[in-house]
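Have a look at the structure below, then the notes.
Just so it is clear, none of the values below were taken in a lab; they were calculated from the coordinates. Fair warning: this is a prediction, and the values are worked out from it, not measured in the lab. Quick reminder, even Gly has a Cβ in these numbers, built from the backbone with ideal geometry, and neighbours come from all protein chains shown.
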């Protein structure tokens, strides 16, 4: 029998949302000060476990934006970090283009975890040269993916979360 190829993150698990949360916090000085680098992933998984969100169904099938927001909130509460998670659908009005919502979040020092591709989460963290930069945990991605404004506007901005510095007034644009 031929040996099967090794599995990679994302092939049998739905942890892309957890990786998006981790990538957000790893980019923040407040988190780096509060948590030793070797413990970063552990802290996020421990919070998810304490919230009852480290179950097989979530680990295999993935997390929804409600669960991701809950985990972000739990990490912020535990480490007393000055961020909050707001569902993207609650930022601004329903008639706003996704790119407008993303720009609003980024301009205020935040980032967004967006649904990118089929049931996959990625961290939208910057806009450079008219494109949005994403951190994607998919090991098949050869380079960091980018989205043009036109591509961003094709996404469903109701799905995902904004992670923003507090205090804030993200619900009114």
For this session: Multiply the residue gap between residue 60 and residue 156 by 0.36 nm, knock off their C-alpha separation, and tell me the result in nm, one decimal place.
Result: 32.3 nm
Seminar exercise, completed: Between residue 11 and residue 96, the two model label points (7 Å from Cα along the beta-carbon direction) sit apart by a distance in nm of 4.0 nm
Exercise. Length gain on complete extension for the stretch residue 77 to residue 27, per 0.36 nm per residue less the alpha carbon to alpha carbon distance?
Worked result: 16.2 nm
Exercise. Cα-Cα pairs above 18 Å in the range 1-98: how many percent?
Worked result: 53 percent
Problem set entry | Two-site FRET efficiency, residue 49 against residue 129, from Cβ-Cβ distance with R₀ of 35 Å, rounded to 0.05 | 0.30
Exercise. To the nearest 0.05, what FRET efficiency results for residue 39 and residue 148 with a Förster distance of 41 Å applied to their C-beta separation?
Worked result: 0.65
Exercise. With the contact rule set at Cα under 8 Å and sequence spacing of 6 or more, what percent relative contact order holds for the range 16-164?
Worked result: 29 percent
For this session: Per residue, how big is the convex hull around the C-alpha atoms of the range 49-96? Give it to me in cubic angstrom, could you?
Result: 80 Å³
For this session: Please work out, to two decimal places, the log10 of the ratio I(q)/I(0) at q = 0.08, 0.11, 0.17, 0.19 Å⁻¹ from a Debye calculation in which every Cα of the chain carries one identical scatterer.
Result: -0.24, -0.45, -1.06, -1.31
